[in-house]
Each structure stands twice: as C-alpha cells, then as structure tokens.
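Values quoted throughout were computed directly from the atomic coordinates according to the rules given, and no laboratory measurement underlies them. Since we're looking at a predicted model, the values are computed, not measured. Virtual Cβ from ideal backbone geometry, glycine too; neighbours counted across all protein chains shown.
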Amino acid sequence: MLNSRMSIPFKIPELYHGLAEGHGRLHVGEEGLRLEYRVKDAVFGVLKSRVKDVFIPYSEIEHVEFRERWFRRRFHIHTHSLQALADFPGADDGCIELNVRKVDRQRIREIHSHITLRMSEQKLREIDSWPDSL
C-alpha cells in the first residue's frame, strides 16, 4: 500500500502567458490532496511568491488522469466546483494540470491509483450514509 505521506514534485505550465512559472509538491493524505507551490517570474527568476497551500478533499475531486506522451507527463485533477481550486494559479473550469518529471512517472502512477481508491472509498461512505428509505 502507498504511504499516505507520499509527495511528488510538479511544475505548473503556462502561467501568465509564459511570464511566470510555478513549482511545487503534491502531497497525498488520508483526507485529500495538499498542493504546496510557489510562483516565480520566468524572465529573471528573481521575483518569487511566498509558499502557498491548497487542500482538496477527496469528496471534491471529480476525477484524476495521468497522460504520458513522448516528452511530457501531465497529471490532471478535475474538481466538482470552481471554489475548490480558486486559489491555485492556472486553474480553469475546475481543472489543473501538473507537469511531472520523467523519473517520477512510476510514483505518479501509484499516486493516481491511490487517489482513485480513496475517491471510491469516499463514495462508498456517502452511499452508506444514505437513509434506508431510498
């Protein structure tokens, strides 16, 4: 089983039309995902934001997908609401895209499987809490 404290580094592509770049870590927890990130200017790399945090509970995740091409690996997180990703840069329509290094592709596959399992467990808990009269 995957360690619930596992994390993986990522990059945020195409911020502010290429004028900035984002770097961070995706942390897998028992209750959801924590995205820790920093944004810096892409021109000089001098101006950096403070480290910011976004927490996404498994109940807010609609689905996740990992896409691997020849030269890039992208991990997409789709949420049920725009509010879940309101503070994350580059979040469009409740979806974010994280670039993952080639050396981390096996770990991101494991994380993908773990997140899918946690989401299924969350849905089962919700079903179990339904009234018996349905």
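Points to keep in mind about this one:
- Once exposed loop trypsin sites (Lys or Arg not before Pro) are cut out (DSSP; at most 15 other Cβ, 10 Å), longest piece of the chain: 6-49
- 10 Å Cβ shell holding at most 15 others, DSSP loop, GluC sites (Glu not before Pro): longest site-free stretch of the chain: 32-134
- For a modelled paramagnetic label at Ala42, 7 Å from Cα along Cα-to-Cβ, the residues of the stretch 80-123 in reach, with backbone nitrogen under 15 Å, are 89-91, 97-99.
- Estimated 222 nm signal from helices in the chain, with DSSP H stretches of n ≥ 4 weighted -39500 (n - 2.57), rounded to 500: -6500 deg cm²/dmol
- Separation of alpha-carbon centers, the stretch 16-62 and the stretch 91-127, rounded to whole Å: 15 Å
- Asp104/Arg50 FRET efficiency (R0 35 Å; Cβ-Cβ; nearest 0.05): 0.90
- As a length-normalised measure over Cα pairs under 8 Å and 6 or more apart, the relative contact order of the stretch 7-128 settles at 22 percent.
- Principal-axis tilt of helix 105-128 within the chain, Cα atoms, nearest 10 degrees: 30 degrees
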